[in-house]
Number of protein chains: 2
Amino acid sequence: MMKAKGRIFGEVPGYPSGSSFPDRKDLSAAGVHRPTMAGISGGGDEGADSIVLSGGYEDDVDLGDVIVYTGHGGNDPETGKQIADQTLTRQNLALARSCHEGLPVRVIRGARHRSEHSPPFGLRYEGLYRVDAYWAERGRSGFTIWRFRLERVSDGNALGSEPAAPPAGSPPEGVASPRRQVLSVQRVVRTSAIAQYVKAIHDHRCQVCGIRLQTGAGPYSEAAHIRPLGQPHNGPDVVENILCLCPNDHVLFDLGGIVITEPFLVMSVPQHQVIGELRRDSSHLLDPTALAYHRLLFDQG
Amino acid sequence: MMKAKGRIFGEVPGYPSGSSFPDRKDLSAAGVHRPTMAGISGGGDEGADSIVLSGGYEDDVDLGDVIVYTGHGGNDPETGKQIADQTLTRQNLALARSCHEGLPVRVIRGARHRSEHSPPFGLRYEGLYRVDAYWAERGRSGFTIWRFRLERVSDGNALGSEPAAPPAGSPPEGVASPRRQVLSVQRVVRTSAIAQYVKAIHDHRCQVCGIRLQTGAGPYSEAAHIRPLGQPHNGPDVVENILCLCPNDHVLFDLGGIVITEPFLVMSVPQHQVIGELRRDSSHLLDPTALAYHRLLFDQG
């Protein structure tokens, strides 16, 4: 893999969506995806700037605007089959950092990628996507794989390209004019009538830590879906699948920092220990299968 | 004002964007904006479902897709001039709740509203907007006014209509199929290379409470712009205008639950008391004028 100094997050000037490349060498020379072999271009401390879908992983899902991408590692280079567990390190960690930081990821599809969205030959840059979630799964092989859900950034979005954050000590040049500003969407919190209902039951008190954030216009809380909404999880938007959480615990829950164990205990995944008990209300039943589903996303046992 | 039971948040069936109405009575009968006099339709405990721009307030700003709407109260019904301070109660509180809950607000423009976006006669339903911020200001009159920044919800968005949350005791019918799901965007956290730089300086530790959220893929923090980005504040995206905060303190900072006082003390606005000191780093200077700007948004003294 090439050293990727001065990684560009966003569009590479001169190569708009739809740009075609005969092979990986050409794609690399253009700077659209610099590694000539690896599927993920990125560093664990800065994020991933691009990925290639090239049929290398049996578990990839490609719905066009939504892609469920399988992480790196554990597969036999000859057959592409998983032969060992993947870990959240190196390029996989880079994609997770892109999720945390809301960085745009260039997506390239290759002709060998089995999808109706693949180009007929060579490789094609398909535009910018955002990693909106990641989790672990047992792949078809029986081994743990890391999965990254990418959603296409709509063209009307304010996303463009920006250089990577420079090392500490040299602050990046800021932008004083909002016209020139380049921003990336990081975290979108959604709500619904069902979500509002759950928050009202708990009077906006966090079911994990008990905090009740107070503003001048009343309390603030968020509704966290236990089994996530949307592809590929397809969790339902029903009260039994929702927790009332403070923003901090919502982030930790969505990013797998905490899971809920069988008797409604809150477990810290990085610390591998129980840190408290989930606050419950008799008028708000929870679906244990949803909690088990969420737990499996981050704690394969 | 009419009683607005069964408030609809979102489009009213049969009245798409662009629907015209000869007068307020007709607009009310259609259910698009039910009060026949008031500019804001809403209740402090459920949120606001619609507003009318009709030239009643001297401080309204209308940029088309972005509207800075002036709250209710304190104006002379004859002249429209402010003659007293506005408070964050009743319909104003309803708009603030819509911000917290991410509820869509129907926007109607009247011919008397002084803007290039106004219809030539009567009233026109203009589509769904989202309240993405609110704050207080001294209006042109010298009195405090509450301001609500509304941004048009793009047509490609998944927003549609949904009934208000029913009272506690009767949970709303959930939706098991994601196709039928109606969601509203509540809170979008943005980032940039400059934001990443500030978060790295503080190693993702919150400058207000000192927490450092830990996930399996490393720490998580958010960058909060002190003087907000975009119209009408136009704060710059530079390190001096950014704080590294946990999601909880980011929400409190953006919604005016906390402000930073002159010697870098953190003050709770609802409690009117100092709750701590801002954690600072010698390599991250803050702009005192930006902090003063933010303070004035929520604490008029």
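Throughout, read-outs are computed from the coordinates displayed, never taken from laboratory work. Only a predicted model underlies this, so the values are computations on that prediction, with no experimental measurement involved. As a convention, Cβ positions derive from the backbone with ideal geometry for all residues, glycine included, and neighbour counts pool all protein chains shown.
What the table below lists for this structure:
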quantity	calculated
Average beta-carbon neighbours from other chains, 10 Å sphere, peptide B:194-203	5
The range A:289-294 - phi-based ³J(HN,Hα) in whole Hz, Karplus 6.51/-1.76/1.60, Gly and Pro as x	6, 5, 4, 5, 4, 4
Footprinting exposure proxy for B:E262, B:E46, A:E78 (fewest neighbouring C-beta atoms within 10 Å first)	A:E78, B:E262, B:E46
Projected label distance in nm at B:R212 and A:L63, using a 7 Å step from Cα toward the beta-carbon	3.7
Mean-position separation - Cα centroids, the range B:232-287 and the range B:15-55, in angstrom	37
Residue-by-residue Karplus 3J(HN,Hα) for the range A:76-84, coefficients 6.51, -1.76, 1.60, Hz, glycine and proline x	6, x, 6, 9, x, 6, 6, 10, 7
Per-pair calculated FRET efficiency, R0 = 51 Å: A:L265 and B:A84 via Cβ, rounded to 0.05	0.45
Chain B residue with Cβ closest to the axis mapping B onto A, distance in whole Å	B:P247, 2
³J(HN,Hα) computed for each position of the range B:257-263 - Karplus, 6.51 cos²θ - 1.76 cosθ + 1.60, integer Hz, glycine/proline x	x, 9, 9, 9, 8, 2, x
Order of A:L103, B:L93 under a 10 Å beta carbon neighbour criterion, fewest first	B:L93, A:L103
Close Lys-Lys pairs in the protein assembly as shown, where close means Cα under 19 Å and separation is 8 or more or interchain	4
5 angstrom amide H check on B:G127, placed H, neighbours 5+ away	B:G18, B:V107
Segment B:L296-B:N234, length gained on full extension (0.36 nm per residue, minus Cα span)	20.8 nm
Amide H contacts under 5 Å for B:G216, placed H, 5+ residues apart	A:G257
Value of Rg/Rh across the range B:214-301 [Cα atoms, Kirkwood radius]	0.97
For the protein assembly as shown, alpha-carbon Rg relative to the globular expectation (2.2 N^0.38 Å, N residues)	0.98
Label spacing, shortest first and in nm, from B:V61 to its equivalents in the remaining copies (7 angstrom along Cα→Cβ)	4.3
DSSP-assigned coil residues among chymotrypsin sites (Phe, Trp or Tyr not before Pro) in the range A:198-274, each with at most 15 further Cβ atoms within 10 Å	A:F264
Share, in percent, of DSSP beta bridges within chain A that are antiparallel, nearest 5	90
Kirkwood hydrodynamic radius of the range B:8-163, from inverse mean 1/r over distinct Cα pairs, in Å	15.3
More than 17 Å apart - percent of Cα-Cα pairs taken over the range B:216-262	39
Label point 7 Å beyond Cα along the C-beta direction, distances from A:P270 to other copies (nm, shortest first)	2.8
Compactness of chain A - radius of gyration and Dmax, Cα, Å	20.5, 61
In degrees, nearest ten, helix B:90-101 long axis to first principal axis of chain B (Cα)	60
Label distances, nm, A:I83 versus same residue in remaining copies, Cβ-directed 7 Å point	8.6
Tail beyond 15 Å, pair distance distribution of the range A:5-66 (Cα, percent)	56
Ellipticity estimate at 222 nm from DSSP helix runs (n ≥ 4, -39,500 (n - 2.57)) divided over chain B, nearest 500	-4500 deg cm²/dmol
Amide proton proximity set for B:E277, modelled H, under 5 Å, gap of 5+	B:V266
